[in-house]
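Working notes, structure below.
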Amino acid sequence: MAMRILSLLPGLLLIVGCGNGTSSSDGGADGGSPRTLVLLHTNDEHSHLLGFGPEVDDYPPPTAAGTGAITGGLGRRAVLLAAERAKAMTGGAASLVVSGGDNTVGTLSEVSYQTNAEDLRSLKQLGYDVDTLGNHEFDQGPDALAAAITFAMSKNELVQLVASNIHFSGTAGDAKLQALFDESGTDMTKPIHRSLLVTASNGLKVGFIGILGADAAFSATSKSPVAFSLGASKMDSALAENLAAIYTDLQPVVDHLRNDLKADLVIALSHSGIDTANDAVGEDNQIAANVTGIDMIVSAHTHALYPGKMVAGGGGRTTMIQQAGQFGQYVGKITATVGADHKVTFDTANTTILTVDDKIVADAKFNGNLDEVIKDLESTKLAGGKSFLENTLSNILGMSIADDANTIGDLYFYPIGKTSFDLNALVPHKEDALLVLHADALLKYGNDNLGATDAAFTLGGEGVVRASIFKGKTGNITFGDVFRVLPLGRSPIDGTLGFSIAYAAIPLAAIRGAAELTASLSYANDNASNRFVVPAGMQFEYDTSRTPYDFTNDAPTSPTVGRVTKISYSSTHTEVYDKVLWDTNAAAPGVQPPYNALSMFNVVADLQLILFAKGFGIPLFKTTAGNDPIAGLQDIIVLRADNTEVKDWEVLAGFLKAQSASGDLPSQYNAAVGTFPRRDICTGPLCVK
């Protein structure tokens with residue numbers, strides 16, 4: 001997600017009624033002095049232990065202040081948090097530090113999630129007090145999450161977790177995670193709680209709930225058999241229905257904190273998200289409006305900079321919502337005071353977003369943590385006798401790669417390619433350099449290695465590509481950079497980390513449906529933009545002034561519904577699109593002869609996009625004969641000769657290496673020049689220029 005900044009009126013003091021049941025024996029209820037809490041928070045850290053711009057420029061972290069070109073980094077966040085805590089103490093306030101979830105999945109650190117758990121341990125090392133679960137905590141499945149939590153506990157480096165709308169199956173599939181769960185909120189021998197009451201240093205009783213939102217639950221494709229709030233249909237894709245179920249799950253938890261435990265403040269750590277274009281459709285805004293008793297929402301999931309906004313809350317109260325970007329590049333700060341009359345006031349002059357960059361000199365004590373993680377990835381042998389990085393780089397380069405035990409970082413920062421320009425990503429609803437390059441890499445791999453000379457096109461999605469690649473100081477693209485672009489998932493077949501690539505056949509009617517994922521569904525809200533699809537070998541045109549396609553009711557071949565107006569593909573796999581498949585403006589609108597709705601085309605795609613397509617009913621086949629539907633994903637996952645899965649990051653790394661073999665990447669991937677390819681042709685009021 002891109003980050004857009006919403007302004008906050010400085011110095012405005014906003015009053016919020018606390019509602020019923022907020023009396024406390026520790027101050028306010030007894031007519032004591034007002035007490036202030038400074039809440040510091042991050043969200044969507046996504047394994048970013050190092051700063052980046054790129055990561056190699058931050059290893060080891062510089063010992064002198066920089067220009068701000070490097071953002072994030074554990075050591076810098078530690079310095080900023082320590083300074084803010086000290087400032088709060090000097091001003092007579094208490095402070096707490098929390099996270100909105102998605103601590104993991106985003107850099108190579110995630111590879112050792114179960115065996116090192118630094119993504120979780122680092123929060124404790126930084127002095128966090130409470131955390132919650134995001135959808136990516138489930139990317140390796142419930143058992144892996146349980147293993148990571150258990151390892152962090154064994155090191156005495158785990159922050160208390162709160163998950164208020166989680167539901168366990170009662171089966172062996174999530175038994176290990178359920179064994180770590182405390183329903184009552186009082187058993188501190190267990191690390192995950194339905195709710196949690198924390199007493200701050202000045203006696204304030206602060207109640208916490210943790211939320212996994214409707215879209216986040218839908219996106220957590222490996223969470224089963226764990227479930228989160230589900231409506232009557234029990235379908236993760238029924239987002240509106242499931243959001244209503246979230247309200248039902250949360251209200252009694254908030255009431256318990258308010259009425260039974262006499263919380264002075266109730267704070268939601270909500271991995272649900274806001275919508276920067278339209279507050280009304282943001283999940284956290286809707287939660288605030290429909291659940292009574294929440295004073296603050298630390299928002300997450302949409303990776304937005306949302307410095308602090310008061311919204312109308314349930315029961316006539318007002319709720320403060322704030323979200324602090326992503327990757328540890330920012331720290332959110334909310335300053336609230338509870339008065340003797342139970343009223344909560346927010347000091348908006350001291351409610352803001354703080355930047356973490358190399359203008360701050362990092363605390364060097366965290367360097368050892370970085371060394372530990374990198375060395376583990378490079379040297380710890382797995383099945384087959386190679387470390388993760390030795391094995392992965394050997395697959396990419398087609399030759400045996402071995403770690404140099406005397407050099408930490410030789411494989412983590414292994415040079416893959418070179419660029420003289422930034423490859424930007426994460427702009428919602430927009431075709432960007434990495435989306436195009438990723439799609440090209442998939443098509444090239446398919447045509448070179450799968451005998452797929454008839455492959456019509458590939459599909460790459462915005463939800464798959466997770467980071468930009470920056471030229472930095474040297475222009476070197478390292479494997480760590482490539483992995484950050486495509487860090488998601490695990491195999492549903494053998495459990496290995498990362499999404500593989502898939503090779504399937506789909507009918508033309510389904511191609512139209514895939515295009516409508518971009519043209520219609522991805523514009524529904526900020527959360528939905530991860531359905532924005534960019535192809536290679538194909539081009540489609542769409543008009544955002546038209547009524548969106550309704551995946552539940554609209555006919556897949558009707559030319560009068562939906563936003564896609566034309567689909568063409570290239571028989572030569574170039575930017576010349578000589579075959580028209582679909583045209584609403586033709587003499588005979590819709591599917592164009594000699595094709596029909598069941599004409600079959602081969603597609604190479606990231607498995608995550610295939611899973612999303614299946615979730616929306618897009619049919620998949622093994623062959624273009626059209627009569628051979630897949631029995632399971634094992635039918636379409638691409639394997640090497642040794643039966644190991646070909647991972648998406650391996651394909652991208654190989655393509656980057658080939659494209660920059662003679663020097664830098666070709667300028668066609670530089671969005672600043674006129675030759676940048678365009679495959680999604682948007683018209684109408686919603687287009688992002």
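Where a number appears in this text, it was derived from the coordinates with a stated rule and is not lab data. This is a predicted model, so every value here is computed, not measured. Here the Cβ is made from the backbone with ideal geometry for all residues, glycine too, and neighbour counts use every protein chain on show.
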Cα centre as origin, Lys/Arg/Asp/Glu Cβ charges: region 176-307 dipole, Debye:
380 debye
Can you find, among VAL311, TYR595, HIS301, the residue sitting farthest towards the positive end of the charge dipole of the chain, where Lys and Arg contribute +1 and Asp and Glu -1 at Cβ?
VAL311
Cα-based shape type of region 50-126, given that a ≥ b ≥ c are square roots of the gyration tensor eigenvalues and the cut on a/c is 1.5
oblate
Calculated from DSSP H runs of 4 or more alone, at -39500 (n - 2.57) each and per residue, what is the 222 nm mean residue ellipticity of the chain, nearest 500?
-6500 deg cm²/dmol
Less than 19 Å apart at the alpha-carbon level, and either on another chain or at least 8 residues along: which lysines does that give for LYS124?
LYS155, LYS190, LYS333, LYS365
Honestly region 224-383 on the Cα gyration tensor test (a ≥ b ≥ c root eigenvalues; a/c under 1.5 rounded, otherwise a/b vs b/c for prolate or oblate) is just oblate
Can you tell me the dipole magnitude for region 532-689 around its Cα centre, using point charges on the Cβ only (Lys, Arg +1; Asp, Glu -1), in Debye to the nearest 20?
200 debye
Taking the alpha-carbon centroid of each part, what is the distance from region 268-293 to region 573-625 in angstrom?
36 Å
Just rank TRP582, TRP649, fewest to most, by other beta-carbon atoms within 10 angstrom.
TRP649, TRP582
Given charges at Cβ of Lys, Arg, Asp, Glu: the chain dipole, positive-most of ALA441, ALA336, VAL266:
ALA336
Global form of region 566-616, assessed from the alpha-carbon gyration tensor, a/c cut-off 1.5
oblate
With +1 assigned to the C-beta of every Lys and Arg and -1 to the C-beta of every Asp and Glu, and no other charges, what is the dipole magnitude of the chain about the Cα centre in debye, to the nearest 20?
700 debye
Applying 1/(1 + (r/R0)^6) with R0 = 60 Å to the Cβ-Cβ distance of THR186 and ALA588, what FRET efficiency is obtained, to the nearest 0.05?
0.30
The alpha-carbon center of region 412-448 and that of region 180-228 are separated, in whole Å, by 37 Å
Give, in nm to one decimal, the length gained when the segment between ARG678 and ASP143 is fully stretched (0.36 nm per residue of separation minus the Cα-Cα distance).
188.4 nm
I'd like to compare 211-223, 394-406, 635-647, 279-291: which one has the highest average count of other Cβ atoms within 10 Å, and what's the full order after that?
211-223, 279-291, 635-647, 394-406
Kindly list the residues of region 604-628 that lie in the label zone of SER233, defined by a backbone N under 16 Å from the point 7 Å along the Cα-to-C-beta vector.
612-618
May I ask you to list the aspartates and glutamates whose Cα is less than 12 Å away from that of LYS176, ignoring any residue fewer than eight positions away on the same chain?
ASP143
Of the listed pairs LYS386/LYS657; LYS309/LYS359; LYS223/LYS614, which have alpha-carbon separations greater than 20 Å here?
LYS386/LYS657; LYS309/LYS359
Coil-residue trypsin sites (Lys or Arg not before Pro) of region 486-581, DSSP, other Cβ within 10 Å capped at 10:
none
Dipole of the chain, positive direction: furthest Cα of ALA245, PHE483, VAL427, with charges on the beta-carbon:
VAL427
Label zone at THR623 (point 7 Å along Cα-to-Cβ), backbone N below 17 Å, region 568-612:
599-603
Cross-link partners of LYS205 among aspartates and glutamates (Cα-Cα below 18 Å; sequence separation of 8 or more within a chain):
ASP26, ASP30, ASP129, ASP131, ASP187, ASP255, ASP260, ASP264, ASP295, ASP341
Return the whole-Å distance between the Cα centroid of region 376-408 and the Cα centroid of region 233-254.
45 Å
